[in-house]
Amino acid sequence: MGDVQGAVNELVALLTDQTRVLGPDHPDTLATRHNLAWWRGVVGDIQGAVDEFAALLPDRIRVLGPDHPYTLSTRHNLARYRGEAGDIQGAVNELVALLSDQTRVLGPDHPNTLSTRHNLARYRGKAGDPQSAVNELVALLSDQTRVLGPDHPNTLSTRHNLDRYRGKAGDADSAAEA
């Protein structure tokens, strides 16, 4: 309902109770930690999100295993928020490793794998390599159109970023036309 800070406050209270009642390693406690980290980022506490995802990741690996989809999701969000915090190359490195694992575990057409490809391309563009971003987004757009459809919000977002990085790569005419 738009009260993001209220959600953060409720999650903090819930986490305290879950840790006490269920224990720190219970899957619900870990899920609340993940959600709390995510919403901290949404509310603008980017470094808080990075810190919480970084603290959560070893626990998720220990409890769920390195290939569990929730562990992969935590890795994705940690990389994303690291990039938002300014560690662009760190985000790229983490997303490259994550993409390999997601492709192996979830498959190349899984929505989470496609999302990682999108973020990897964006951060490559932000790192000063707009042509790599364009190349990756062209391939991604084809796969998203096939898997998600041409009007899916993620497909449209990829089209938007593709045009943006085409312009940054020096192809302003194609970007403007698109």
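Mean separation of Cα pairs under 8 Å and 6+ residues apart, divided by the residue count of the range 34-178: what relative contact order is that in percent? Rounded, it is 14 percent for the range 34-178. Taking the charge dipole of the chain about its Cα centre, with +1 at Lys and Arg Cβ atoms and -1 at Asp and Glu Cβ atoms, the residue from Thr103, Gln18, His68 reaching farthest to the positive side is Thr103.
With a 1.4 Å probe and every protein chain left in place, work out the accessible area per residue of the chain in Å², rounded to a whole number. Intermediate values should be presented prior to the final figure.
Values: 9000 Å² over 178 residues.
I get 51 Å² per residue for the chain.
Ordering Gly86, Asn9, Gly128 by the projection of their Cα atoms onto the charge dipole of the chain, which places +1 on the Cβ of Lys and Arg and -1 on the Cβ of Asp and Glu, puts Gly128 at the extreme positive end. Computed over protein heavy atoms with a 1.4 Å probe, the carbon and sulfur contribution to the accessible area of the chain reaches 52%.
Relative contact order for the range 13-98: what is it in percent, counting Cα pairs under 8 Å that are at least 6 residues apart?
21
Given a 10 angstrom Cα cut-off, can you work out which residue in Asp151, Asp28, Asp129 is the most mobile in a GNM of the chain? For the chain, modelled as a Gaussian network with Cα springs under 10 Å, the answer is Asp151.
Think of each Lys and Arg Cβ as +1 and each Asp and Glu Cβ as -1; about the Cα centre, that makes the dipole of the chain roughly 260 debye. In a reduced charge model with +1 at each Lys and Arg Cβ and -1 at each Asp and Glu Cβ, the range 1-54 shows a dipole moment near 40 debye about its Cα centre. For the range 116-178, averaging the sequence separation of C-alpha pairs within contact (under 8 Å, six or more residues apart) and dividing by the residue count gives a relative contact order of 29 percent. Please report the net charge: other residues with Cβ closer than 14 Å to the Cβ of Pro111, K and R +1, D and E -1. Result for the neighbourhood of Pro111: 0. Highest mobility in the GNM of the chain, judged by mean-square fluctuation with C-alpha springs under 10 Å and restricted to Thr74, Thr158, Thr16, is found for Thr16. In the list [x] 1.02; [y] 0.93; [z] 0.98, the label attached to Rg/Rh (Cα atoms, Kirkwood Rh) as derived from the coordinates here is [x]. Charged neighbours of Tyr81, selected by a Cβ distance under 15 Å, balance to +1 (K, R count +1; D, E count -1).
For the residues Glu10, Glu84, Glu94, a 1.4 Å probe over the protein chains yields an accessible-area ranking, largest first, of Glu10, Glu84, Glu94.
State which helices in the chain qualify, where a helix is a whole DSSP H run, it must extend 18 Å or more along its own axis by its Cα atoms, and its mean Kyte-Doolittle hydropathy must be at least 0.5.
Numbers: long enough: 4-21 (25 Å, 0.44); 27-42 (22 Å, -0.56); 46-64 (25 Å, 0.63); 69-84 (22 Å, -1.32); 88-105 (25 Å, 0.46); 111-126 (22 Å, -1.48); 130-147 (25 Å, 0.09); 153-168 (23 Å, -1.81).
TM-like helix candidates: 46-64.
The values are calculated or read from the model by the stated rules, or taken from the named source; none is laboratory data. Here the structure is a predicted model, which means the values were calculated and not measured. Methodologically, a virtual Cβ is constructed for each residue, glycine included, from the backbone with ideal geometry; neighbour enumeration extends over all protein chains shown. The protein model used for the area step is the full one, side chains on, heavy atoms only, and it has no ligands, DNA or RNA in it. Shrake-Rupley method; radii C 1.70, N 1.55, O 1.52, S 1.80 Å.
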